[in-house]
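A.B. asks: Quick one: the structure is below, and I'll ask about it shortly.
The values are calculated or read from the model by the stated rules, or taken from the named source; none is laboratory data. Since the structure is predicted, the reported quantities are computational estimates derived from the model, not experimental observations. Cβ coordinates were reconstructed from backbone atoms using ideal geometry, including for glycine residues, and neighbour counts include every protein chain displayed. SASA here: full protein model, heavy atoms, side chains in, ligands and nucleic acids out. Shrake-Rupley method; radii C 1.70, N 1.55, O 1.52, S 1.80 Å.
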Amino acid sequence: MCGIVGYIGGKAAAPLLLDGLKKLEYRGYDSAGIAVVNNGSIHAAKERGRLSALCSLTGDGKSISGHLGIGHTRWATHGEPNHVNAHPHISIGGMVALVHNGIIENYSELKQFLIKNGYSFVSETDSEVAAQLIDYYYKRQHDPVEAVRLAEKRFAGSYAMGIVFADREDEFIALRKDSPLIIGLGEGENFIASDVPALLKHTRRIIRLGERELAVIRKDGVTIFDKDSNTVKREPVMVTWDADSAEKGGYDHFMLKEIMEQPDAVRRTIAPRIQHGRVELGLKRITEAAIRSIERVYIVACGSSYHAGMVARYAIEKYARIPVTCELASEFRYIEPMIGSNTLVIIISQSGETLDTLFALREAKKRGAHVLSIVNVVGSSIAAESEDVLYTWAGPEIAVATTKAYSTQLVLMELLAVYLGRVRGHVDERLEGELISALSELPSIIEKLLEDQAGLKALAAESYMQRDIFFMGRNIDYALALEGSLKLKEISYIHSEAYAAGELKHGTISLIVPGTSVVAICTYAPLLDKMVSNIREVKARGASVIAIAAGEEHRGKTGANHEIILPGCADIALPCASVVPLQLFAYYTALMKGCDIDKPRNLAKSVTVE
Ligand code: F6R
């Protein structure tokens, strides 16, 4: 999704802005631009396509001088991705330039108002309307804070903004609602950005701007105001990520690096939650009494996070004996969810900024549920607005396709299921001990799975020319099939569908013809025989089947053309192990096809539009 950077200080702004934008490339974008204030005017450069085009246009920023500026990578929402629609947007007359993430929903109405007042527009964007409206008020107030606040009062929607004024070379404005924005504090210089990697090279002292807060950024200080214009005092937090962990660390792609980081990420997520042989989650607000009174659980998320929720559903029903419904966040608000004070809504989001998920969270709160979030990004909007939050300690995830964040979601949800089970009296001490030791073995199981990737590379080499690849599984393996299929299609662009294996014969089996590839996930031992029958069914129609099973004793028993055998492990640990070959299969297939693995077409890392 779109990226923002802003700078004020003693250095040349343009090269620094371009460098910051490079660090945000992983968010996905289709055009980029910068605007720098110098000698009473705003100098801007924009380009469609990759950032390298903007770097060439500006001689890596050297052709634009000035010490204050803003930059943006845009992922098109209103208007096609082109030069005119790219940010920054500049008001007619050139007084105000603005970069914006989010959507101004009532922009047409505001545009009409501005047209009546003599304004004209060059782009199709909602963001240009915001720039012109600020200009309208600036002409009347001649105070940047006042002008931005007056304009903001008329905005409906979501926004993170950086705003510069041609006649203000000593300050600029940052503003946010619903979309993330951070401030980086330096020595004699300060920054804004939509995400941490853009700033790591310059500072680790970060302030997250709160909902509807406005900041005045000067080179020697930052002043933050809440929506009622009161000054807000907020201590910066120190970001501990090393700069390297936001870079590729020697791998060809972030995705592979992040796959390889899973043993550590899983270890980091589990270890602090095991104390004296028990699962301790440190929930601050949702009490054990409240947990005992829960009658229903909703798990709400999007994409892979939703798939993690589907796995968790099996675990929570099994260990905590509470009925669980898994809902897509984009649907949740429209289903009239049956929520009361005895409902627990679990929100899962890697970024903590997915707008559909954030809105689902607000809906759940409005309806009186307890809301617990599973989030990777500390201090993100979803984390901030939840009653309680549990962080997956996956570290920064840069590749658009999630891997380590997904596996940490899985283990954290499994721990949660055990904890809920104990508090509700369904998991005794012995069972809790067994489940904990099964989960604690996961990092070394994953390490082993990552050691030898030759078999998966060979399978990818056989499959990458396929037009369609089907995935099937039962129970937890069905949830894994959905994730394996999503991983493959999003990065390799091979059409793929995932089915509960028993469902295939109710329609989809008509698509199986000689040569079709099918990945059959059959790690869940109680249903292995049923999966073997399903493998026979598709093979009888000519499919070539890759089976993933667990435990050496099952080698040669699936009847598939190829087998991947995972080390045997307890059911609770299986999903986190089984996803590893699925991720590698997707990765190597996309690699063979020469795809842009870390930035698949049309996709964004953090989806901050509905
Ligand atoms: C797929 C993927 C997406 C995300 C989804 C939700 O690889 O990464 O499907 O899982 O966009 O994002 P978060 O978890 O940030 O809410």
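A.B. asks: Given the whole protein assembly as supplied and a 1.4 Å probe, what does the accessible area of Ser510 come to in Å², nearest 10?
C.D. replies: Rounded to the nearest 10, the figure is 90 Å².
A.B. asks: Pull out a ≥ b ≥ c, the square roots of the eigenvalues of the alpha-carbon gyration tensor of the range 92-195, then state rounded if a/c is under 1.5, prolate if not and a/b is larger than b/c, and oblate in the remaining case. Intermediate results must be reported in sequence, preceding the final value.
C.D. replies: Numbers: a/c = 2.10, a/b = 1.39, b/c = 1.52.
Oblate is the answer for the range 92-195, as a/c is 1.5 or above yet b/c matches or exceeds a/b.
A.B. asks: Where does the charge balance sit around Ala76 when Lys and Arg score +1, Asp and Glu -1, over other residues with C-beta under 12 Å from its C-beta?
C.D. replies: Numbers: positive: Arg48, Arg74; negative: Asp30, Glu80, Glu124, Asp126.
Here the charged neighbours net out to -2.
A.B. asks: Taking 4 °C and 1.567 mPa s as the conditions, I'd like the Stokes-Einstein D for the range 1-146 in µm²/s, using the Kirkwood hydrodynamic radius from alpha carbon pairs. Please report the intermediate quantities before stating the final value.
C.D. replies: Numbers: Rh = 15.3 Å.
After rounding, the answer is 85 µm²/s.
A.B. asks: Another question, then. Packing-wise, with mean Cβ within 10 Å as the measure, how do 200-210, 139-149 rank, highest first? Write down the numbers at each step before the final one.
C.D. replies: On the way: 200-210: 19.1, 139-149: 16.8.
In descending order of packing, they fall as 200-210, 139-149.
A.B. asks: May I ask for the net charge around Ala394, where only other residues with Cβ less than 10 Å from the Cβ of Ala394 are counted and Lys, Arg are +1 while Asp, Glu are -1?
C.D. replies: Details: positive: Arg268, Lys404; negative: Glu258, Glu261, Asp264, Glu397.
That works out to -2.
A.B. asks: Can you compute the helix-only [θ] at 222 nm over the chain? Use -39500 (n - 2.57) per DSSP H run of at least 4 residues, normalise by all residues, nearest 500 deg cm²/dmol.
C.D. replies: On the way: 19 runs with 216 residues, N = 610.
Using -39500 (n - 2.57) per qualifying helix, the result is -11000 deg cm²/dmol.
A.B. asks: In nm, to one decimal, how far is the Tyr493 label point from the Ser56 one, both placed 7 Å along Cα→Cβ?
C.D. replies: Result for the modelled spin labels: 2.1 nm.
A.B. asks: Per-residue counts of other Cβ atoms within 10 Å, averaged by peptide: what ranking do you get for 301-311, 420-430, 584-594, highest first? Spell out each step's value before the answer.
C.D. replies: Working: 301-311: 26.0, 420-430: 16.6, 584-594: 22.2.
Output ranking for 301-311, 420-430, 584-594: 301-311, 584-594, 420-430.
A.B. asks: Starting from the 7 Å offset along Cα-to-Cβ, what nm value, one decimal, do you get for the label separation of Glu610 and Glu503?
C.D. replies: Inter-label distance under the simple model: 2.7 nm.
A.B. asks: In degrees from 0 to 90, rounded to the nearest 10, what is the angle of the helix 13-23 Cα long axis to the longest principal axis of the chain?
C.D. replies: Long axis of 13-23 versus the principal axis of the chain: about 10 degrees.
A.B. asks: Which trypsin sites (Lys or Arg not before Pro) does the range 16-118 hold that lie in a coil by DSSP with at most 13 other beta carbons within 10 Å?
C.D. replies: On the way: sites: Lys22, Lys23, Arg27, Lys46, Arg48, Arg50, Lys62, Arg74, Lys111, Lys116; in loops: Arg50, Lys62.
Sparse-neighbourhood loop trypsin sites (Lys or Arg not before Pro): Lys62.
A.B. asks: Report, to the nearest 10°, how far helix 107-116 tilts away from the longest principal axis of the Cα atoms in the chain, using its own Cα long axis and a range of 0 to 90°.
C.D. replies: Once rounded, the angle reads 10 degrees.
A.B. asks: Under a 1.4 angstrom probe, counting protein chains only, how are Glu451, Glu441 ranked by accessible area, largest first? Walk me through the intermediate numbers first.
C.D. replies: Details: Glu451 145, Glu441 100 Å².
Final ranking, largest accessible area leading: Glu451, Glu441.
A.B. asks: Quick one: ranking Val122, Val196 by accessible area, 1.4 Å probe, largest first, what do you get? Intermediate values should be presented prior to the final figure.
C.D. replies: On the way: Val122 120, Val196 5 Å².
Correct descending sequence by accessible area is Val122, Val196.
A.B. asks: With a cap of 13 neighbouring Cβ atoms within 10 Å, and only residues DSSP puts in a loop, list the trypsin sites (Lys or Arg not before Pro) found in the range 469-553. Intermediate values should be presented prior to the final figure.
C.D. replies: Working: sites: Arg474, Lys487, Lys489, Lys505, Lys530, Arg536, Lys539, Arg541; in loops: Arg474, Arg541.
Answer in residue order: no site qualifies.
A.B. asks: Moving to a separate point now. Counting other Cβ atoms within 10 Å, which chymotrypsin sites (Phe, Trp or Tyr not before Pro) in the range 91-192 have at most 16 and lie in a DSSP loop? Can you show the working numbers first?
C.D. replies: Working: sites: Tyr107, Phe113, Tyr119, Phe121, Tyr136, Tyr137, Tyr138, Phe155, Tyr159, Phe165, Phe172, Phe191; in loops: Tyr119, Phe121, Phe155.
Those that pass, being in a loop and sparsely packed, are Phe121.
A.B. asks: Still on this structure, please answer the following. Could you work out the relative contact order of the range 536-600? I mean the mean sequence separation of Cα pairs under 8 Å and 6+ apart, divided by the number of residues, in percent. Kindly include the intermediate steps, with their values, before the conclusion.
C.D. replies: Numbers: 52 pairs, mean separation 14.5, N = 65.
22 percent.
A.B. asks: Taking 7 Å along the Cα-to-C-beta vector as the label spot, tell me the Ser437-Ala289 distance in nanometres, rounded to one decimal.
C.D. replies: Each label point lies 7 Å from its Cα, and together they span 3.7 nm.
A.B. asks: Let me know the Kirkwood hydrodynamic radius for the chain, please, with Cα pairs as the basis and the value in Å to one decimal. Could the numbers behind the result be given before it?
C.D. replies: Working: mean 1/r = 0.0393 Å⁻¹.
The Cα-based Kirkwood calculation yields 25.4 Å.
A.B. asks: Between Lys116 and Val84, what's the calculated FRET efficiency when r is the beta-carbon distance and R0 is 22 Å? Round to 0.05. Walk me through the intermediate numbers first.
C.D. replies: On the way: r = 23 Å, r/R0 = 1.03.
Efficiency computed from Cβ-Cβ geometry: 0.45.
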